[in-house]
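*Asks:* Before we start, here is the structure in question, set down as structure tokens.
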Amino acid sequence: MRVLFGPAVCLTAAIVAALLVGSSTHANFAGLNGAIIFRSERDGNFEIYSRSLVTGVETNLTNDPAYDAAPGWSPDGTKIVFEPLRDGNLEIYVMNADGSDPVNLSNSPGLDITPAWSPDGSKIAFVSARHGNYEIYTMNADGSAVVRLTNNLAKDEKPAWSPDGTKIAFHTDLPGNTEVYVMNADGTGQTNLTNSLGWDAHPAWSPDGSRIAFQSMRDGNGEIYAMNADGTGPTNLTSHPANDLAADWSPDGTAIVFSSRRSGNLEIYVMNADGSSPTRLTTNPAVDEAPNWQPLPATDDTDGDGCTNERELQPPANVASGGGRDPNNRWDLYDTDGDTTISLQSDILGVILRWSANPSLPYEPAYDRGPSTGPNVWNKTAPDGVIDLQNDILGVILQYQHNCLP
């Protein structure tokens, strides 16, 4: 059955223009991705900042005259480890996600730097010079039970846990050139992954454990590479003449955040996991670097749309009708082609063309979301045989505009 009324193309265009004003790019950060933390020198000394990807607001978390650097999220996204110079030497500290209650975990006269939380939250790996050389250690999350994992004349730095907690990647200058290594979580089985003549460092595991991103000088300048977890298939993701440094994956694995000098000074950028669509996030004349992406627990996102339950969408300001979204309603209700993305071309225009009664595009139930009943008019699933404005077109546009509350 086709719709018996056929609006002109100009009316269709007007609807799209009116309702897509301020449409969100939330799909680029789909999944359980939280805020990005990084170190910044914008206040005259290095501080730990966070940036909300929902609002774009950047917040100084440390506000301390001492040097603060190397931030890393806990696996539940509620705490941050970092390295401050507050007690006469660099130590490993932990604080709440809002910067409150900083606590010294390492309390050692030796230098302690670059902490990384284990996936289960029980341990923290870090680098220490407490025995005269840069080595990798672990401790319990409360600072107890310190264990030395590496013991050689080289500098072993920047530990990164595999998602299953069984491996730790790191970089070392053991062979006379800085390379990315991997070892078992107890320090055994140390294996060179990169074997390159260029400087390779700062490994970061993908959330599924299949890939490792790292920074490399093998092309004459700093680039972000990714390789398989066994070291095969290294691929240059950035391919830019400026230095690109210190990458981290988004918790859902779709994007990579990194720092780059391509704007003239170090700023934070994000790109798709294949290196496409690099986008600048920070903009100021100071140094912004060493980003780390906050994971959000899956249990907080009932419908899997990337918004935690308490931050579910309310209707955009330019839409007069409707109520809050039901967190039990799948975000992809209007994903008519099954590509897990609400897109302008296939989903929104697909509905609008069928509403326009295009003779070459017959009625299809996939674009028909049923009669208007209940408080949430765009959350319908029962086809009513009509492609209409309120249920079908308004519904898919609201989903396309989907964003989380701050």
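Every number in this text was worked out from the coordinates using simple rules, so none of it is lab data. Fair warning: this is a prediction, and the values are worked out from it, not measured in the lab. Cβ placement follows ideal geometry from the backbone for every residue including glycine, while neighbour counts extend to all protein chains displayed.
*Asks:* Subtracting the Cα-Cα distance from 0.36 nm times the residue separation, let me have the gained length for Thr188 to Asn140 in nm, one decimal. Spell out each step's value before the answer.
*Replies:* On the way: separation 48, 0.36 × 48 = 17.28 nm, distance 1.90 nm.
Stretched out fully, the Thr188 to Asn140 stretch lengthens by 15.4 nm.
*Asks:* If you don't mind, there's one more thing I want to ask. Tell me, in nm to one decimal, what length is gained between Tyr67 and Ser122 on full extension, where the rule is 0.36 nm per residue of separation less the Cα-Cα distance? Could the numbers behind the result be given before it?
*Replies:* Numbers: separation 55, 0.36 × 55 = 19.80 nm, distance 2.65 nm.
Full extension of this stretch gives 17.1 nm more.
*Asks:* Per the Debye formula with a single identical scatterer at each Cα and no solvent contribution, what log10 I(q)/I(0) holds for the stretch 239-282 at q = 0.23 Å⁻¹?
*Replies:* Here log10 of I(q) over I(0) equals -0.72.
*Asks:* Could you check the simple spin-label distance between Asp230 and Ser210, using points 7 Å along Cα→Cβ, in nm with one decimal?
*Replies:* 1.4 nm
*Asks:* Shifting gears a bit: What distance in nm lies between label points placed 7 Å from Cα along the C-beta direction at Ser239 and Thr59?
*Replies:* 3.9 nm
*Asks:* How high is the FRET efficiency between Asp274 and Ala129 when r is their beta carbon distance and R₀ equals 25 Å, given to the nearest 0.05? Could you put the intermediate results ahead of the total?
*Replies:* Values: r = 38 Å, r/R0 = 1.51.
The computed FRET efficiency comes out at 0.10.
*Asks:* Per 10 Å bin from zero, what fraction in whole % of the C-alpha pairs of the stretch 43-83 is there, up to the bin with the longest pair?
*Replies:* Using 10 Å bins, I get a P(r) of 27, 53, 20, 0 for the stretch 43-83.
*Asks:* Further question on the same structure: Could you work out, for the stretch 36-149, what percent of all Cα-Cα pairs fall into each 5 Å distance bin, beginning at 0 Å and stopping at the bin that holds the largest distance?
*Replies:* 2, 13, 24, 24, 19, 11, 5, 2, 0
*Asks:* Could you pull out every residue, at least 5 positions away or on a different chain, whose amide H is within less than 5 Å of the one on Ser108? Hs are placed 1.01 Å off N in the peptide plane, and Pro or chain starts have none.
*Replies:* Hits under the 5 Å cutoff: none.
*Asks:* Compute the semi-axes of the equivalent ellipsoid of the stretch 99-229, taking the square root of 5 times each eigenvalue of the Cα gyration tensor, and list them largest first in whole Å. Each step should come with its number before you reach the end.
*Replies:* Numbers: eigenvalues 117, 58, 37 Å².
Three semi-axes, in Å: 24, 17, 14.
*Asks:* Got a sec? Charge dipole of the stretch 66-179, +1 on Cβ for Lys and Arg, -1 for Asp and Glu; which of Leu153, Ile168, Asn89 is way out at the positive end?
*Replies:* It is Leu153, whose Cα lies furthest towards the positive end.
*Asks:* Between Asp173 and Met217, 0.36 nm times their residue separation minus their Cα-Cα distance comes to what?
*Replies:* Numbers: separation 44, 0.36 × 44 = 15.84 nm, distance 1.40 nm.
Net length gain for the segment: 14.4 nm.
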